[in-house]
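So the structure is just underneath, and the comments pick up after that.
The values are calculated or read from the model by the stated rules, or taken from the named source; none is laboratory data. For clarity, every value in this text was computed on a predicted model and none was experimentally measured. Glycine also receives a Cβ, built like all others from the backbone with ideal geometry; neighbour counts cover every protein chain displayed. Areas reflect the complete protein model, heavy atoms only, side chains present, ligands, DNA and RNA absent. Shrake-Rupley method; radii C 1.70, N 1.55, O 1.52, S 1.80 Å.
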Amino acid sequence: MSNTPSVKLPVTELNVVRKNQPAKVKIAESRIATLSSSPNIIRHITFDLGGSDLEGKFLSGQSIGVIPPVSGSEGKPESLRLYSISSPSDGEDGKGRFYSTTVKRLIAEHWETQDLYTGLCSNYLCKLREGDEVLVTGPSGKRFLLPDNYQDFKYVFFATGTGIAPFRGMIMDLVKRGHQNKMVLAFGSPYRTDLLYYPYFSELDKKIENFSYLSAVSREEPRANGQRPYVQSLIEDRADILEPVLKQSNTLIYICGIKGMETGIFRELGKKGLTEYFTFKKDIDSDPDKWDDEIMKKAIKPGDRMFLEVY
Ligand code: NAP
């Protein structure tokens with residue numbers, strides 16, 4: 001019989017505030033979350049939920065809904081967008097009043113028309129200033145959470161870009177609770193200027209023996225073989241830190257960020273023989289080098305010790 005403790009996820013109250021009756025709250029803070037020389041615009045935005053039904057209601061890993069203003073000629077309400085909370089469960093203030101999120105302004109070119117377009121809600125949110133009002137809902141998300149029996153586990157968090165948001169909150173929760181087991185954050189960004197929350201995590205790495213911060217800066221720090229480093233490359237390149245943790249039967253893996261990162265992680269885990277993190281839905285070649293993305297999408301699902309949120 002396996003001696004792996006089973007994961008007991010918290011039972012949470014979902015959708016306390018719904019779209020048909022959103023809470024009107026204020027922006028408490030909005031600041032650039034990258035270095036000022038970054039070509040990307042990413043903001044750390046804090047909501048003041050004081051006095052609303054959402055006060056104290058979020059757990060790290062959950063999301064807040066934001067309703068952008070009506071748009072279009074018919075004045076149709078815009079649909080709600082979900083943003084991961086980047087705060088610990090008791091908020092930025094430790095009292096459940098202020099909760100933050102991490103938002104990247106979407107600015108892109110339409111592949112066919114070559115018109116420039118901007119993401120409606122990310123640009124709306126990033127324009128808001130302290131004191132501005134915004135309509136919000138939540139909380140949502142019932143699996144991408146720390147377990148109630150969090151102390152039974154070690155943790156490896158893989159994040160790309162703004163996918164770091166839930167892990168800032170979860171790691172802050174674990175640190176506040178005096179977690180004694182190993183925690184590793186593996187973070188991937190295109191440039192060094194986009195190492196989100198770098199001061200916090202690099203300091204934590206120095207301060208807390210059981211926390212390690214690893215980064216993969218894809219466009220600036222090539223691997224020894226010349227390829228771009230991605231978070232999954234760290235499984236090989238920083239095996240000194242990751243392998244001993246990943247081999248433990250009480251380690252949980254959390255993955256958040258860009259869609260597609262999960263298959264890279266599956267393959268690298270497969271190469272190390274760490275397949276107990278998966279459920280196999282169909283037979284698959286025993287050589288992970290032969291696993292292509294399409295095969296993995298059909299054959300591999302996260303098992304009980306893996307939590308995945310990619311968009
Ligand atoms: P970003 O700053 O562009 O960084 C993404 C990093 O991942 C880059 O270094 C990129 O490398 C690398 N990358 C590209 N393809 C990859 C792959 N297949 N495997 C591993 N790494 C890969 O990121 P972003 O624009 O903030 O995007 C973050 C994504 O996370 C968004 O899609 C957002 O929707 C999602 N997100 C999800 C949640 C959630 O599910 N709760 C929360 C927050 C964010 P290159 O240099 O090659 O581009």
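What to note about this one:
- Residues in region 285-307 that are open to solvent by 40 Å² or more (accessible area, probe 1.4 Å) and in contact with a Phe, Trp or Tyr (Cβ under 8 Å, 6 or more places away or on another chain): ASP285, LYS301, PRO302.
Yes/no matrix, rows are residues, columns are (1) hydroxyl-bearing (Ser, Thr, Tyr); (2) out of contact with any Pro (no Cβ under 6 Å at 6 or more places or on another chain); (3) within 16 Å of the ligand (Cβ to nearest atom); (4) not in a helix (DSSP H, G or I):
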site: ASP205; (1), (2), (3), (4): no, yes, no, no
site: SER212; (1), (2), (3), (4): yes, yes, no, yes
site: ALA216; (1), (2), (3), (4): no, no, yes, yes
site: ILE235; (1), (2), (3), (4): no, yes, yes, no
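- Residue selected from region 156-180 under the condition surrounded by fewer than 23 Cβ atoms within 10 Å (Cβ to Cβ) and touching a residue at least 40 places away in the same chain (Cβ under 8 Å), by the criterion farthest from PRO5 (Cα to Cα): GLY161
- Qualifying positions in region 47-68 - acidic (Asp, Glu) and in contact with a strand residue (DSSP E or B) (Cβ under 7 Å, 6 or more places away or on another chain): ASP48, ASP53
- Subset of region 37-53 [touching a residue at least 12 places away in the same chain (Cβ under 8 Å) and out of contact with any helix residue (DSSP H, G or I) (no Cβ under 7 Å at 6 or more places or on another chain)]: PRO39, HIS44, THR46, PHE47, ASP48, LEU49, GLY50, SER52, ASP53
- Being out of contact with any Phe, Trp or Tyr (no Cβ under 9 Å at 6 or more places or on another chain) and within 19 Å of GLY138 (Cβ to Cβ) is a description that applies to LYS19.
- Of all residues in region 174-203, those that are away from the ligand (no atom under 16 Å from the Cβ), over 18 Å from THR251 (Cβ atoms) and polar (S, T, N, Q) total 1.
- Some residue of region 257-271 being open to solvent by 60 Å² or more (accessible area, probe 1.4 Å), more than 9 Å from the ligand (Cβ to nearest atom) and modelled with pLDDT of 95 or more: yes
- Of everything in region 118-173 that is assigned to a loop (DSSP other than H, G, I, E, B) and on the phi > 0 side of the Ramachandran plot, the residue that is nearest to the ligand (Cβ to nearest atom) is GLY141.
- Checklist (1) in contact with a Ser or Thr (Cβ under 6 Å, 6 or more places away or on another chain); (2) over 25 Å from LYS104 (Cα atoms); (3) within 13 Å of the ligand (Cβ to nearest atom) applied to ILE241, failing item: (3)
- When the residues of region 5-34 are filtered to those that are hydroxyl-bearing (Ser, Thr, Tyr) and open to solvent by less than 40 Å² (accessible area, probe 1.4 Å), the one that is farthest from ARG305 (Cα to Cα) is SER30.
Every residue, every condition in (1) open to solvent by 90 Å² or more (accessible area, probe 1.4 Å); (2) touching a residue at least 60 places away in the same chain (Cβ under 8 Å); (3) of a type in the set (Ser, Thr, Tyr), yes or no:
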site	(1), (2), (3)
LYS206	yes, no, no
SER212	no, no, yes
GLY226	no, no, no
ILE235	no, no, no
VAL245	no, yes, no
